[in-house]
Amino acid sequence: MPYRLIFLIFIALLLSSCDSKIKTKPVKTTEMNQKKVNYLKEVKPILDKRCVSCHSCYNSPCQSKFSSFEGVDRGGSKDLVYDATRLLATDATRLFIDAQTTQEWREKDFYSLTDDLDPGTYQNDSIMMQLLSDKRDNPQIIGEYDPEHDTLICPKDQKEMDKYLRKKPNHGMPYGFPALKRKEFETINQWLLQGAKGPTAQQQKKITSPNKQASIEIGKWERFFNAPDAKHAMTARYLYEHYFLAHINFKSSPKEFYELVRSSTPSPQPIEVIPTLRPFDDPGTEKFYYRFRRIHSTIVHKTHMVVEFDDAELARTKELFIKPKWHQKPHRVGYESKLSANPFVAFAQIPVQSRYQFLLEHNHYIVMTFIRGPVCRGQMALNVIHDHFWVMFQDPKYDLSVKYPNFIQEQSDNLSMPIESVQLSIFKTFSDAYRDKYTNYFNAKQELYNKTYPHGLGLEGIWKGNRAEDAPLLTIYRHFNSASVHRGVIGELPRTAWVIDYPQLERIYYSLVAGYDVYGNVSHQTNVRRYMDFLRMEGEANFLSYLPVKDRLPIFKSWYLGDKKIENKMHHVVNHRSKINYRTPYPKGEFIEKVVKSHILKSTGITFDSVNYYKEGEHPPRMPKNFRTHKDFLQGARSLTAEGTGFVKHITDHGANLLHLRIIMPDGKDRVNTLVVNRWHDNVNSLFGEESRLNSSKDTIDIIQGSVGSYPNLFAVVHHKDLPDFFDLVANFDGSEHYLKKIKKYFINRADPKFWKTFDWFQAHFEHADPLGAGLYDLNRYYRKSW
């Protein structure tokens with residue numbers, strides 16, 4: 001054979017081998033590999049600890065959800081749920097709702113992550129195993145990780161898998177974190193070799209069925225929700241539209257959670273969920289049933305919004321909705337889109353007092369749904385709010401929408417929101433139609449308040465709460481691209497505060513929760529974002545109306561620095577008087593002091609915290625030179641809240657806003673605090689260009705007891721004796737090698753071999769400290785810079 005031909009054949013074989021499948025190292029068979037692997041007892045705990053923390057929600061990479069076997073079996077998809085640029089709405093792909101079988105998901109372009117791509121060999125070559133093997137074989141982490149912008153992510157077949165492994169070495173799973181331990185790896189491998197089976201039929205029935213006590217409670221509530229008369233039917237409809245995101249816990253069964261769904265089947269038949277896109281959409285059938293479905297997926301904190309049900313709650317619900325005389329004779333209303341998208345029309349017959357009191361008594365949950373719900377994911381969705389502010393509520397006795405129900409009926413069209421369609425025309429993306437309606441309503445509202453309260457309102461206008469468990473004040477933190485809400489007044493005195501009345505609270509909820517579609521097009525999502533600007537300013541205007549007239553405009557302008565269109569918003573600075581007498585040059589702080597110290601119910605236990613709060617005009621103390629007493633350490637902690645430290649700028653430049661700190665005390669016990677970064681925004685009144693409105697010299701840190709947020713950015717471990725050194729790092733960081741070494745000493749890098757041990761400790765502590773409200777942290781936003 002001519003040498004030239006031999007050479008060409010050799011080259012051809014060489015080139016062919018470049019496209020052949022990249023083989024991972026064989027997995028040796030051990031005694032453990034021989035036994036049958038139990039999914040629930042052996043596999044699911046590994047997935048929960050090492051996979052669910054990134055794969056559990058709408059923003060899961062490749063839409064892969066490992067929090068239940070149904071999600072594992074569904075597999076992955078190349079389609080994005082969150083896509084702010086799409087011109088047309090996309091089909092919904094909600095697990096347990098929009099498809100029920102493996103084949104149905106395949107028809108929606110989901111592909112398996114567990115099927116063997118090369119059957120017949122002694123090892124499993126599924127996408128899952130190849131990615132786990134790549135991490136095992138290449139454990140070192142190289143560079144920074146940004147899975148949301150990785151164009152090679154989500155390989156669906158062997159060809160794409162080969163390309164991924166060639167071009168993305170060291171990008172196996174867990175993505176950007178240390179590899180699984182050998183025993184964990186072998187367990188997953190053997191499970192895959194055995195066909196990646198899920199729970200047995202008996203196991204599945206056990207994890208999806210209510211226990212005996214919960215069944216009794218479900219029976220009570222389902223009888224209430226499904227009572228045939230119009231009064232119960234409309235009450236149930238209102239409650240469902242507000243509870244559809246809730247994780248409902250029956251107090252008699254504290255370890256189980258349920259979701260309220262609409263089903264085409266009554267109890268005791270199996271639930272057949274009616275898959276409407278939004279809770280107020282037409283169910284498509286005149287007869288349907290409200291049912292309680294047990295949640296058997298792993299609980300993750302970012303979607304875990306708990307409401308507790310018991311006999312007292314059922315009695316209170318009846319007292320609010322069934323006992324009172326309604327504005328109109330109770331009657332059923334239809335689901336025509338324009339009507340059902342406007343709660344002021346759909347529920348006009350229900351007393352406004354009942355609706356508002358219900359929202360007030362569940363305000364922490366209600367606010368949580370739009371602070372932690374699907375809308376609040378990503379920087380652009382959240383740049384409508386400041387990083388830290390406090391919320392109060394208008395007392396129902398002084399809320400004129402409650403006092404004069406006909407007013408909101410007259411204004412119902414002006415109270416309509418951009419949620420009537422999720423497929424708005426691209427030409428309506430920046431339509432002013434809803435802005436004009438909002439302005440008409442706001443002006444009419446102010447005219448009514450001026451006429452009714454010509455001398456203004458005093459503290460009596462602020463809801464003080466009715467019961468010890470009420471939350472007349474809430475704290476909201478924005479953590480760049482996520483947010484959290486907390487009962488009480490937490491942290492330093494914020495720049496801004498809101499007072500929310502009934503029409504505003506209902507509109508925020510329907511705009512951002514009930515009516516928001518994550519699968520909607522750019523016009524729908526942009527219009528909702530713009531509408532939230534109006535609602536934010538209305539809350540600010542309600543707050544300003546309690547301050548002296550002369551101070552309102554300067555304070556308002558201080559919230560909108562650099563906004564060239566500030567003149568167009570001046571109508572929010574109302575000129576009716578306030579009944580409150582002010583004695584200091586700091587009316588904002590003085591008003592909040594009056595509310596917290598002398599107005600709200602003492603039984604709520606809401607007070608200012610001892611570390612972060614300062615009266616307006618005061619400043620943090622200097623860092624002590626020596627630490628001999630508890631008072632010295634308290635002063636050191638308080639000094640860290642000063643604005644503009646170099647440490648804050650350094651970590652926020654790399655995307656860290658939530659720092660979870662474990663302090664090992666002299667007695668061996670631990671304290672957990674969260675360092676929450678509050679970034680300064682000159683204003684939050686634009687969709688774009690957020691970076692240009694930041695001022696890091698005014699950023700601050702709040703040091704909060706316990707765990708804050710669902711997305712920790714960094715874990716830190718500090719021994720009590722090292723606190724002065726740690727305080728020095730936070731207070732005096734200057735970017736030098738000296739301080740960079742301290743960061744490495746205290747903070748746990750994602751590449752650290754001890755990372756999973758640290759994560760497990762913080763997760764276990766969270767679950768012990770808050771067994772009802774805790775869930776798995778999400779690690780998608782853990783600090784990505786290597787050191």
**Report entry** residue 230/residue 448 FRET efficiency (R0 35 Å; Cβ-Cβ; nearest 0.05)
**Finding:** 0.70
Query raised in the report: Can you give the charge dipole size of the stretch 387-538 about its Cα centre, rounded to the nearest 20 debye, using +1 on the beta carbon of Lys and Arg and -1 on the beta carbon of Asp and Glu?
Result: 160
Query - Point-to-point label distance, residue 406-residue 159, nm (Cα→Cβ direction, 7 Å offset) - result: 7.1
Query - Net charge, residue 337 excluded, C-beta distance under 13 Å - Lys, Arg +1, Asp, Glu -1 - result: -3
Requested in this report: Arrange the residues 654, 301, 455, 768 by how much accessible surface each exposes, largest first, with a 1.4 angstrom probe.
Outcome: 768, 455, 654, 301
Requested in this report: Would you give the gap between the C-alpha center of the stretch 149-191 and the C-alpha center of the stretch 208-269, rounded to a whole Å?
Outcome: 41
Query - Rounded to whole Hz, the Karplus (6.51, -1.76, 1.60) HN-Hα couplings of the stretch 93-109, x for glycine and proline - result: 9, 7, 4, 6, 10, 8, 7, 10, 10, 4, 4, 4, 6, 5, 5, 9, 6
Report task. Could you please put 188, 271 in sequence from largest to smallest accessible area, using a 1.4 Å probe? Result -> 271, 188
Report task. Starting from the amide H of residue 247, placed 1.01 Å from N in the peptide plane, find each other amide H under 5 Å away whose residue is 5 or more places distant or on another chain. Result -> 305, 306, 307
Query raised in the report: Residue-wise, which Karplus ³J(HN,Hα) couplings in Hz belong to the stretch 462-478, taking 6.51 cos²θ - 1.76 cosθ + 1.60, θ = phi - 60°, and x for glycine or proline?
Result: 9, 5, 9, x, 10, 9, 4, 7, 5, 10, x, 10, 10, 10, 10, 10, 9
Query raised in the report: Whole number please: convex hull volume per residue of the Cα set in the chain, in Å³?
Result: 197
Requested in this report: Classify the stretch 621-668 as rounded, prolate or oblate, taking a ≥ b ≥ c as the square roots of the eigenvalues of its Cα gyration tensor: rounded when a/c is under 1.5, otherwise prolate if a/b is larger than b/c and oblate if not.
Outcome: oblate
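Put 540, 336 in order of accessible area, largest first, 1.4 Å probe: what do you get?
336, 540
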Report task. Please list, in chain and number order, the residues 5+ apart from residue 493 or on another chain whose amide H is under 5 Å from its amide H, with Hs placed from the backbone. Result -> 614
Query raised in the report: Which of rounded, prolate, oblate describes the stretch 153-287, given a ≥ b ≥ c as roots of the alpha-carbon gyration tensor eigenvalues and a/c under 1.5 marking rounded, otherwise prolate only if a/b is larger than b/c?
Result: prolate
Report summary line: Given unit charges at Cβ for Lys, Arg (+) and Asp, Glu (-), the dipole magnitude of the stretch 558-621 about its Cα centre in debye, nearest 20, is 300
Query raised in the report: Distance in nm between label sites at residue 764 and residue 695, each 7 Å beyond Cα in the beta-carbon direction?
Result: 4.6
Report summary line: Nearest 10, in degrees from 0 to 90: the angle of helix 158-167 to the longest Cα principal axis of the chain is 80
Requested in this report: Would you calculate the separation in nanometres between label points at residue 255 and residue 467, each defined as 7 Å from the Cα along the Cα-to-beta-carbon direction?
Outcome: 2.7
Report summary line: Shape call for the stretch 254-343, from the Cα gyration tensor axes a ≥ b ≥ c (a/c under 1.5 means rounded, otherwise prolate when a/b beats b/c, else oblate), comes out oblate
Query raised in the report: Which FRET efficiency value, to the nearest 0.05, do you get for residue 737 and residue 622 by plugging their Cβ-Cβ distance into 1/(1 + (r/R0)^6) with R0 = 25 Å?
Result: 0.45
**Report entry** the stretch 689-708 versus the stretch 658-678: alpha-carbon centroid distance in Å
**Finding:** 18
Query raised in the report: Okay, which of the stretch 248-262 sit inside 17 Å, backbone N to the point 7 Å along the Cα-Cβ direction of residue 211?
Result: 248-259
**Report entry** Backbone N under 20 Å from the residue 432 label point (7 Å along Cα→Cβ), restricted to the stretch 494-534
**Finding:** 523-524, 526-534
Query raised in the report: Working from the pairwise distances between different alpha carbons, so that the mean of 1/r is found and then inverted, what is the stretch 628-787's Kirkwood radius in Å?
Result: 16.6
Requested in this report: Compute the separation of the alpha-carbon centres of the stretch 725-787 and the stretch 601-636 and state it in Å as a whole number.
Outcome: 24
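The values are calculated or read from the model by the stated rules, or taken from the named source; none is laboratory data. All figures in this text were calculated on a predicted structure; none of them were measured in a lab. Reconstructed Cβ throughout: ideal geometry from the backbone, glycine too, with neighbour counts over all protein chains shown. For the accessible areas, the whole protein counts, side chains as well, though only heavy atoms, and no ligand, DNA or RNA atoms are used. Shrake-Rupley method; radii C 1.70, N 1.55, O 1.52, S 1.80 Å.
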